[in-house]
1. Find the residue count for region 78-106, including only residues that are within 18 Å of the chain's Cα centre (by Cα) and among the hydroxyl-bearing types (S, T, Y).
2. Failed condition for L81, given (1) free of Cβ contacts under 8 Å to residues at least 60 places away in the same chain; (2) over 13 Å from K122 (Cβ atoms), with all others met?
3. Condition check: in a helix (DSSP H, G or I), open to solvent by 40 Å² or more (accessible area, probe 1.4 Å) and closer than 15 Å to I16 by Cβ. Does R124 satisfy that?
4. Are there any pairs, at least 6 apart or on different chains, whose C-beta atoms fall under 7 Å, with the first in region 18-31 and free of Cβ contacts under 8 Å to residues at least 24 places away in the same chain and the second not in a loop (DSSP other than H, G, I, E, B), and if so, which?
5. Being open to solvent by less than 20 Å² (accessible area, probe 1.4 Å), more than 21 Å from Y20 (Cβ to Cβ), in a helix (DSSP H, G or I) and among the β-branched types (V, I, T) narrows it down to one of I118, I50, I69, so name that one.
6. Limited to region 88-111, what total is found for residues that are closer than 21 Å to D17 by Cβ and open to solvent by 80 Å² or more (accessible area, probe 1.4 Å)?
7. On the basis of being surrounded by fewer than 18 Cβ atoms within 10 Å (Cβ to Cβ), among the hydrophobic types (A, V, I, L, M, F, W, C) and over 18 Å from L125 (Cβ atoms), does V60 make the cut?
8. Quick check, is G74 open to solvent by less than 20 Å² (accessible area, probe 1.4 Å) and part of a helix (DSSP H, G or I)?
Amino acid sequence: MNNAPANNTFQFSPPIDSRYLIELYAGDYDMIGETFTDVLTEYDMFVQHINDSYEQGDRVGLKSAVHKIKPLFGFVGLLALQAECQDFENSCLLAETGALAVRFATLRDKLLKIRTVIETEKERLVEFNNR
């Protein structure tokens, strides 16, 4: 059950889409917090699988690994990153090696940085829920 006052809306920091998350979870901030916790629990394993697939030169595995992490971003309102993963996934098997390397480096950097955003927002949400 949500402990936050009914008339008080939590605003997530960009790049998280607050409106999307609040609508998706019907304003259940406890459920949103649990989802952020679940995403963080699995996150490192998903990212490691992406990195391993790339380092092994396994484009099919890389495409599959990016496909598997992509829904996590929807669960936490990171819709732009979810779309970027979809775009990477679509071009993974078609891109030339050099172009793929550049795109992968960009995606990898975003994946590493966004973990901190998810953690920070989870902590803010816990504080909000405990008021």
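The values are calculated or read from the model by the stated rules, or taken from the named source; none is laboratory data. Just so it is clear, the model here is predicted, and its values are computed rather than measured. Here the Cβ positions follow ideal geometry from the backbone for every residue, glycine too, while neighbour counts run over all protein chains shown. The accessibility values were calculated without ligands, DNA or RNA, using every heavy atom of the protein model including side chains. Shrake-Rupley method; radii C 1.70, N 1.55, O 1.52, S 1.80 Å.
1. The number of residues fulfilling the criteria is 1.
2. (1)
3. Working: in a helix (DSSP H, G or I): yes; open to solvent by 40 Å² or more (accessible area, probe 1.4 Å): yes; closer than 15 Å to I16 by Cβ: yes.
Considered against the rule, which asks whether it is in a helix (DSSP H, G or I), open to solvent by 40 Å² or more (accessible area, probe 1.4 Å) and closer than 15 Å to I16 by Cβ, R124 comes out as yes.
4. Final answer for the pair search is Y25/M31; Y25/I32.
5. Details: I118 fails: more than 21 Å from Y20 (Cβ to Cβ); I69 fails: more than 21 Å from Y20 (Cβ to Cβ).
Within the list I118, I50, I69, the selection yields I50.
6. Matching residues across region 88-111 total 1.
7. Details: surrounded by fewer than 18 Cβ atoms within 10 Å (Cβ to Cβ): yes; among the hydrophobic types (A, V, I, L, M, F, W, C): yes; over 18 Å from L125 (Cβ atoms): yes.
Yes: the conditions hold for V60.
8. Working: open to solvent by less than 20 Å² (accessible area, probe 1.4 Å): yes; part of a helix (DSSP H, G or I): yes.
When the stated conditions are applied, G74 passes them.
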